[in-house]
Amino acid sequence: MELDAKSEGAAAQGVRALAQPIAAALSRAAIFLVLTVKPGAENRAALLSFCGDLSALIRAVEFRDIEAGLSCVMGFGSEAWNRLFGTPRPAELHPFKEIRSQGRHAVATPGDVLFHIRAKRMDLCFELATQIMTKLGDAVSAADEVHGFRYFDDRDLIGFVDGTENPRGQEAIDAVTIGPEDAGFEGGTYVIVQKYLHDMAGWDALSTEQQERIIGRKKLSDIELDAAVKPTCSHSSLTTIEENGVEVKILRDNMPFGRPTQGEFGTYFIGYSKSPSTIELMLQNMFIGRPPGNYDRLLDFSRAVTGNLFFVPAASFLEDVSDEQPADTATSDAPPDDSSSGAPSTDETGEAAAPSNDGSLGIGSLKGEIGHE
């Protein structure tokens, strides 16, 4: 497995805490796998055993074309962490927070494990995904699978460049990698994924100028609109988060996807951050508004159909995982009776709302919506 960053705290103790390749270069192809772990001790053991095998599996597939840049990131949901690893837990790991506001809905959907597979070639992504599923066998079931592709000059299907404001190089690593603030999990990160479906007929009916005001950028040149004319409800305005006058960066690797015969055109949003609160605030701004009611007009044309939050541990954590369940991990597959077993939805006021019982999947997707800033 390709490694990105070294944990200073762990290094001071003589232990190498190396990050997974979260800041890998943007690729031409990607596969996003969201899986659930089936109940039973044997299935937990299979997942734990797989963690230590992942790097060798990647190397075997990668060797078929070293220059294709194959990489894979593995993350775990809140309930899965309880069942697999017990305590201690990453400080900010919790279920995805559902948001409802005047018909807009950031859904929360099932998902225990995420695999984010990237390469210059889809066949390598496909091969690694196949080997992962073969290795895991009946221990897991698929909650979602999306095959993404780069679209012309890094645009999403609504025609705008996606990811312009991504940090690069060391800045990207610093933006997403946990440090001494959560010493037991240095080298890790958080990732939120959402799948968005677009109303292309409605979007294409808009003029280019109307589209640009919704996104906050020029469609052809990708230049940000002047502050004097850019609406405060534009996508770029609402997804810019500042603390003490300094912008807090996240790392996006959104991908278009679709099935033309099914009328499916979408964006898969994936955002990495050292704290999930940054992306959660972006979503509140988008779905509820800043201030409330001043929501992201892109959501009039894009609908989130999935939503998950995962913790991505250091690669060295995965290498050290034993297939023996820790003594303090619950032996039952029932969710633990604490705040980590579920997260309340958020309403227009930003306050906790009653959990949804409408049977929706609850998956939020920002791929085209939040993605290319």
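Points worth noting:
- Inside the range 88-111, residues that are open to solvent by less than 20 Å² (accessible area, probe 1.4 Å) and touching a helix residue (DSSP H, G or I) at 6+ places or on another chain (Cβ under 6 Å) make up a count of 5.
- Residues in the range 174-185 that are open to solvent by 30 Å² or more (accessible area, probe 1.4 Å) and of a type in the set (A, V, I, L, M, F, W, C): 1 in all.
- Of all residues in the range 298-315, those that are part of a helix (DSSP H, G or I) and either free of Cβ contacts under 8 Å to residues at least 12 places away in the same chain or crowded, with 20+ Cβ neighbours inside 10 Å (or both) total 3.
- Residue check, LEU136 closer than 24 Å to TYR190 by Cα, touching a strand residue (DSSP E or B) at 6+ places or on another chain (Cβ under 6 Å) and in contact (Cβ under 8 Å) with a residue 24 or more places away in the chain: no
- Of the residues making up the range 179-214, just one is of a type in the set (S, T, N, Q) and assigned to a loop (DSSP other than H, G, I, E, B), namely SER207.
- For the range 250-271, a residue qualifies if it is open to solvent by less than 40 Å² (accessible area, probe 1.4 Å) and outside any strand (DSSP E or B), and the qualifying residues are ILE250, ASP253, ASN254.
- Flag if ILE58 is at pLDDT 95 or above, among the aliphatic types (A, V, I, L, M) and closer than 19 Å to SER316 by Cβ: yes
- Residues within the range 284-293 that are on the phi < 0 side of the Ramachandran plot and either touching a helix residue (DSSP H, G or I) at 6+ places or on another chain (Cβ under 8 Å) or surrounded by 18 or more Cβ atoms within 10 Å (Cβ to Cβ) (or both), tallied: 6
- Residue that is surrounded by the fewest Cβ atoms within 10 Å (Cβ to Cβ) [pool: residues in the range 142-161 that are within 19 Å of the chain's Cα centre (by Cα) and small (Gly, Ala, Ser)]: ALA142
The values are calculated or read from the model by the stated rules, or taken from the named source; none is laboratory data. What you are looking at is a predicted structure, and each value in this text was computed from that prediction instead of being measured. Because the Cβ atoms are built from the backbone with ideal geometry, glycine has one as well, and the counts that use them run over all protein chains shown. The accessibility values were calculated without ligands, DNA or RNA, using every heavy atom of the protein model including side chains. Shrake-Rupley method; radii C 1.70, N 1.55, O 1.52, S 1.80 Å.
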